[in-house]
Every structure is written in structure tokens, then in C-alpha cells.
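Comments concern the structure below.
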Amino acid sequence: MPVEGGDIPAYHAMPENGGPFPTVVVVQEIFGVHEHIKDVCRRLAKQGYLAVAPELYARQGDPSKYTDIPKLMSEIVSKVSDAQVMGDLDAAAAWAAKNGGAAGKLGITGFCWGGRIVWMYAAHNPQLTAGVAWYGPVARAYHAGDKTPLDVVAQIKAPILGLYGGADSGIPNDTVEKMRDALKAAGNTKCEFVIYPDTPHAFHADYRPSYRKQAAEDGWKRLLAWFKQHGLA
């Protein structure tokens, strides 16, 4: 996929026939575009979307080579700036528009690190139709000098659905409540939150022990309904 300064790999899935299709950019966890993220793309394609997941760490390294999470965070994740990511997501949207995507129908969803990026991209791109953030930190930045979602609340205009675990040890519930309150204070009535009680981080990741079937399936139904409700489908 062409981006500023060259090309990066991306995975995409789309219906076999028809189009143009509404686009959903799928944003990876810290582990990169692995099989779970590719599966999310295919699931969205089966629902009529063109789904594309760019390799957002491609310049910094290959996260699949790491087994030690602190090392992955320090050697790759911390070196990936929001400015780089926003540019790559814009490039993904532009690529989709030229390869079967429907003009004016752009959605985004992401998980953990990617869930935070959903909020940041909503502040960055005023043309975004809708988004769904899965357990994305709202009071944290990963790259030195970058802002947090709480810092950019005033710029968020698109309807974003936030899906969170009530027992997520890495995302305190009070920060999610602060995000909800800050959006309301900014006059944003389009964003909503669902907090699943007694549910850990990464509850949608069906390849990890954190997977919680009921919450994951409910969240997926809400995602599809959210996109439909806000005119993406």
C-alpha cells in the first residue's frame, strides 16, 4: 500500500462480487497484523465491507518476532508516532477508495493499541463516518510527546462506540468515565460506551486466555449495529 516515503504491507478482504463497498480500516493490537486481525477483516468482508489492515509498525520492525512484551513496547511500539499512524490510515482510506471502496463511507475499528488509535483518528479525520474502539486506552500515549484521547476530545465529531472491560487492569474504569464526561462537556452526544462487568482486557481476542465469548459476541453485534445505525452499511 503506498504511503508517504514508500510502501507498507496491508491485508484486505472484501466481497467477491459487487461494490463499491463501505470501507472499514482495522487497526492492530501491539502484536501487528496477525491472524486474529486478518480474521476480523474477513468477518467484516462477509458483512459487505471492504476491510483493510495496514502494517502500521512496518518501518520500525516486525512485532511477530517478539515474545517479550516489554521489549516489544520499547523497541517497536514506543517508536511509532501518532503522526505516522494518522498518515498511514489516511493512505489506507485513499487506497480503499481506489480499489472498490465507496466514497464517503469510511469506518474504523481497532483493538487495545488500535482502540486508542480509533479515538485519535476520529479527532484527526473529520470525514470519518463512524468508529468502534475495543478497550483502547484513553489516558495514555505510547510515543513520547503524543497526546491522549482525553486531550483531543474537542476534535472528535464522528460517532464512536467504546467497548471496555470492567475488570481491565490496564484501563482504569475512571479514565473511561472521564472520557465519557469530557465528550459530553464538549457537546458530543454521538459517542457511547459499553462496559462489560467482570471482563478483562482483550476480551475479543479469541486466541488469548482473556477471551470472553459472551462479551466478544455482544460487542461484535453492537459493532455491526453501530455501523448500520450511522450510515456506514
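Just the residues that are touching a strand residue (DSSP E or B) at 6+ places or on another chain (Cβ under 7 Å) and part of a loop (DSSP other than H, G, I, E, B), please, taken from the stretch 45-55.
Step one: list which residues in the stretch 45-55 are touching a strand residue (DSSP E or B) at 6+ places or on another chain (Cβ under 7 Å), which gives 45, 48-55.
Across the stretch 45-55, the qualifying residues are 48, 49, 55.
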Filtering the stretch 1-44 down to residues that are β-branched (Val, Ile, Thr), farther than 28 Å from residue 228 by Cβ and either assigned to a strand (DSSP E or B) or modelled with pLDDT under 95 (or both) yields 3
Result of the Cβ filter at 7 Å on the stretch 122-148, keeping first residues that are under 29 Å from residue 75 (Cβ atoms) and modelled with pLDDT of 95 or more and partners that are open to solvent by less than 40 Å² (accessible area, probe 1.4 Å) and of a type in the set (Asp, Glu), at least 6 apart or interchain, is 135/168; 143/82; 146/82
Is there a residue being surrounded by 17 or more Cβ atoms within 10 Å (Cβ to Cβ) and farther than 13 Å from residue 119 by Cβ anywhere in the stretch 161-183?
yes
Residue count, the stretch 103-133, condition within 8 Å of the chain's Cα centre (by Cα) and part of a strand (DSSP E or B), comes to 7
Here the residues within the stretch 61-98 that are in contact (Cβ under 8 Å) with a residue 12 or more places away in the chain, surrounded by fewer than 16 Cβ atoms within 10 Å (Cβ to Cβ) and closer than 20 Å to residue 12 by Cβ are 62, 64, 87
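The values are calculated or read from the model by the stated rules, or taken from the named source; none is laboratory data. These numbers come from a predicted model, not from an experiment. Reconstructed Cβ throughout: ideal geometry from the backbone, glycine too, with neighbour counts over all protein chains shown. SASA here: full protein model, heavy atoms, side chains in, ligands and nucleic acids out. Shrake-Rupley method; radii C 1.70, N 1.55, O 1.52, S 1.80 Å.
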